Structures are given as structure tokens and as C-alpha cells.
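Participant: Structure incoming, see below.
The values are calculated or read from the model by the stated rules, or taken from the named source; none is laboratory data. As the structure is a prediction and not an experimental result, all values here were calculated from the model. Ideal geometry is used to build each Cβ from the backbone, glycine not excepted, and the neighbour counts take in all protein chains shown.
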Amino acid sequence: MSAVTLFHTNDLHNRLDDRLASKLASVRNEEENALLLDGGDAVWAGNAYFRPGGEPVLERMARAGYDAMVVGNREFHFTETGFLSKLSNASFTVLCANVRAVRDARLPCQPSVFFDRGGVRMGIVGVTVPMVTPRSRVASFSAYLFDDPVEVCSRVARQMRDACDLLIALTHVGLRQDMRLAGECPELDIIIGGHSHDALEKPITVNGVPVVQAGHHGRFFGISRLEKEGPRWRLDYRLEPRRELAP
């Protein structure tokens, strides 16, 4: 079974310019068995605002070759029009397993996805920080509600486990909740996180599950190389500073 490399960013907040996008595309394409992933909050807009024409940064992410991202709190909007508009320029997979539509609203995301690289079948489940819960004041007029991300991710991961070789959680819940998820869901092989802006120089391993996160604003991106070693995957992880991407 081949090794795979996961390149990942999080909390870009619209800081992915054309130069960085082209560099990410280059390093991704140098690896034969690779995915480029994002842990959410890629866009600039806040929760109350959305651009009717969509977010340009998502077009740059598509050109960079991103394979998937998880919804961050900044990608969310409580109206169907706003949520769909914010993600309309994402021509790659957008994930969020713990959001559900009410009143027949459409969802611009899906719970999970599978990719095949070099004979390795990878399953990815995405979850994000709950923005509108059933007890929230805005629940009565929101088109969407969120469930507990750790509970949902654990359930979906267990359903996916037998269908993939490598099981990844792509999250936007913050480091503490990622550590809680690792503790409650040992079925996962790696958690790639966001939201708390932690630039982890080394993985934090809980219950045998490594958690990684690459800071914010594109100052770093993560490189997680995984190779099967017995029943588990051996992780070689590092943060790559943006300055080293300069030509």
C-alpha cells in the first residue's frame, strides 16, 4: 500500500492570493498520491454578510487544486440564499456532517467523501462548530441547525471505517474539541483541524489519534505524510512557513 501526503490549510480568511495559490498547486502536483485540504474559514465575509456573486477566494482555491474543505463559521449563513451564495464558487467538495436543513432548504455541502490515491482509499468526514442549535434564539427562523460535532463525527466515522483504508476528520471546531474527538473516536487515523488558529509544530496525539493544525492567514501550511505501519498509519508531519514558498 502506497504512502499518501495531505497538504492542508485552515483559517485563511481570504489571505490566499494568486501567488500562494500557484505555489500550493505546485507542491501538491509534485506529490503523486496527494490531497489538498482546508479546515474552514477560507472566506473573508462574516456570518451576517454575503457576496451575491460568491467568494473569489474559493475560485483561487479551485485553481490551486483543493480537493475538499470543511465549512467554517465564516462560510455559514442562516439563510438558504446566503449559505448557497457563500459557497457557490467552490468547484471542489465542501463538507459538513453536523449541519442539517430545515424547511426544505438546500445544503451546499455533504457529510463525507472518498478519494483513491495510489491504491489507498481515503474517507474524509467534515464537522464544524455549531452556529445555530435548536436552543438558539435564531433557531425559529434559521434555515439550518447544527448538531454536536463530536457526536456526529464519531457516528459517521464508525459507519465509514470498513469502507476505507485511511479515515480522516477534517474539522473546524478548535483544538480542544479536536482532542475530545480523538478521545471518543479511536477509529480515526488523523484529525486535521481549524478554528482555534493553532500552529502546531508537532501533532498532539490523544488515544492514538494525531491532531494537526496549520495556524491561520496562510502563514503556514501543513504537510502530513502517512505510511501504513502495521495496523496503524505512521505520520510524518511538519509545518511549512509561507516565506519558504517564495520563488
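Participant: Would you check which residues across the stretch 72-93 are in a loop (DSSP other than H, G, I, E, B) and over 11 Å from T128 (Cα atoms) and list them?
Facilitator: Looking only at the stretch 72-93, we keep the residues that are in a loop (DSSP other than H, G, I, E, B), and these are 72, 76-79, 87-92.
Passing the criteria: H77, F78, T79, L87, S88, N89, A90, S91, F92.
Participant: Pick from the stretch 192-216 the residues that are assigned to a strand (DSSP E or B) and within 17 Å of the chain's Cα centre (by Cα): which of them is farthest from W44 (Cα to Cα)?
Facilitator: Per the stated criteria, the residue is V209.
Participant: Quick one: which residue in R238, R219, R225, R234 is closer than 20 Å to D41 by Cβ and basic (K, R)?
Facilitator: Working: R238 fails: closer than 20 Å to D41 by Cβ; R225 fails: closer than 20 Å to D41 by Cβ; R234 fails: closer than 20 Å to D41 by Cβ.
Answer to the selection: R219.
Participant: Moving to a separate point now. State whether one or more residues within the stretch 106-114 are among the aliphatic types (A, V, I, L, M), over 21 Å from A64 (Cα atoms), within 19 Å of the chain's Cα centre (by Cα) and modelled with pLDDT of 95 or more. So that I can check it myself, show each step before the final result.
Facilitator: Quick first cut of the stretch 106-114, residues among the aliphatic types (A, V, I, L, M) only: 107, 113.
Narrowing further to those that are over 21 Å from A64 (Cα atoms): 107.
Narrowing further to those that are within 19 Å of the chain's Cα centre (by Cα): 107.
Keeping just the survivors that are modelled with pLDDT of 95 or more gives 107.
Scanning the stretch 106-114 turns up at least one residue that is among the aliphatic types (A, V, I, L, M), over 21 Å from A64 (Cα atoms), within 19 Å of the chain's Cα centre (by Cα) and modelled with pLDDT of 95 or more.
Participant: For the stretch 201-233, how many residues are farther than 25 Å from R19 by Cβ, in contact with a Leu (Cβ under 7 Å, 6 or more places away or on another chain) and surrounded by fewer than 21 Cβ atoms within 10 Å (Cβ to Cβ)?
Facilitator: 1
Participant: Does L58 satisfy the condition of being crowded, with 22+ Cβ neighbours inside 10 Å and in contact (Cβ under 8 Å) with a residue 60 or more places away in the chain?
Facilitator: Details: crowded, with 22+ Cβ neighbours inside 10 Å: yes; in contact (Cβ under 8 Å) with a residue 60 or more places away in the chain: no.
In short, no.
Participant: Looking only at residues in the stretch 155-191 that are surrounded by fewer than 24 Cβ atoms within 10 Å (Cβ to Cβ) and polar (S, T, N, Q), which one is nearest to the chain's Cα centre (by Cα)?
Facilitator: Q177
Participant: Something else about it: State the number of residues belonging to the stretch 229-244 that are under 17 Å from H216 (Cβ atoms) and at pLDDT below 95.
Facilitator: Residues in the stretch 229-244 being under 17 Å from H216 (Cβ atoms) and at pLDDT below 95: 4 in total.
Participant: Next question. Where in the stretch 4-71 are there strands (runs of 3 or more DSSP E), lying fully within it, with 3 or more residues that are β-branched (V, I, T)? Write out each step before concluding.
Facilitator: Values: elements: 4-9, 34-38, 68-70.
So the answer is 4-9.
Participant: So which residues in the stretch 27-50 are among the acidic types (D, E), closer than 23 Å to P241 by Cβ and surrounded by fewer than 24 Cβ atoms within 10 Å (Cβ to Cβ), if there are any at all? Walk me through it before giving the result.
Facilitator: Within the stretch 27-50, the first condition is being among the acidic types (D, E), and the residues that meet it are 30-32, 38, 41.
Now restrict to residues that are closer than 23 Å to P241 by Cβ: 30-31, 38, 41.
Hits for the stretch 27-50 are E30, E31.
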